[in-house]
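Here, each number is a calculation from the coordinates, and none is a lab measurement. Every value quoted in this text rests on a predicted model; they were computed, and no experiment measured them. As a convention, Cβ positions derive from the backbone with ideal geometry for all residues, glycine included, and neighbour counts pool all protein chains shown.
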């Protein structure tokens, strides 16, 4: 009689114990050193070590570079299958780590994480992909160096470097061991008049048939021919009255120049002292009394007759109470 009273409690306990459990032979795979032109694949062996059916509902790779395939989505207790992950390293370089989330109805591990890693090695590895020339002198040259290192042990050989439409850029290269060192020279004297900044794309060609060329981006700007002091005008005044501030302009080489016009972004702002002819000159920037209280972030564009800098932009900030 006592067993009859215990049975209702024993059966629910047995039912509660019927749960799936997802396990993996491994959760991480290291491909080692690979080249970016070769897809690689890894398998993760999945087993249901629980005592109820395991249902895998989703495989979620962290990025589009990883593709997954699953042998079976539902596993009986003790049954196994494989998850195959294919990794495409195209466009990558260096150490790469990716993950795959496996979603199932295992109550203790509903979102398991699998990971893979690789060191993506190009046959030719540039030290940088973009060269920057900031504040390069208009009257001289500036240099930068890029190293093209071997990734497979074979010597790197540069055939030539071309940057169409950028006659102010020159390139020389030499071997250092199995690497090639490329020197990029920007000659400010050859930059077209009025051009103060730009982005160029050079093409570096190699003898390697599998990696015949690589792009090299070159971003540059020149030191301004006309220096403004202060570089930014800041007004902190009470609203309702006209306010003024001096702006000093100086030609870097002392040549006389003229500011021919001013184009402020704020209605009512004006500039006094235009059309002087001097290597250094003072202008007065005036804000009108009609401005209401508030914060203003504006630009003042000055046109000049200096061939190296036909336009100069000054930021104007006003905090009116």
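Expressed as an acute angle from 0 to 90° and rounded to the nearest 10, what is the orientation of the C-alpha long axis of helix 2-16 relative to the principal long axis of the chain?
For helix 2-16, the angle is close to 40 degrees.
Relative to the present Cα-Cα distance, how much length would full extension add between residue 160 and residue 25 at 0.36 nm per residue of separation?
My answer for the length gained is 43.5 nm.
Can you sort 159, 121, 199 from fewest to most other Cβ atoms within 10 Å of each residue's own Cβ?
199, 159, 121
Which stretch or stretches of the stretch 220-259 have amide N atoms under 18 Å from the point lying 7 Å from residue 297's Cα along the Cα→Cβ direction?
Of the residues in the stretch 220-259, 231-236 have backbone N under 18 Å from the label point off residue 297.
Taking 0.36 nm per residue of separation and subtracting the Cα-Cα distance, what length does fully extending residue 63 through residue 203 add?
Gain in length upon complete extension: 47.4 nm.
What is the calculated FRET efficiency for residue 237 to residue 274, with r their C-beta to C-beta distance and R₀ = 25 Å, to the nearest 0.05?
Result of the calculation: an efficiency of 0.60.
Rounded to the nearest 0.05, what FRET efficiency do residue 179 and residue 90 have when you use their Cβ-Cβ distance and R0 = 30 Å?
Once rounded, the FRET efficiency stands at 0.80.
Given the Cα-Cα distance of residue 284 and residue 260 and 0.36 nm per residue of separation, how much length would full extension add, in nm?
7.2 nm
Using every alpha carbon pair in the stretch 226-320, what percent of pairs falls into each 5 Å bin from 0 up to the bin containing the largest distance?
In order of increasing distance, the bins hold 3, 14, 26, 24, 15, 10, 6, 2, 0 percent.
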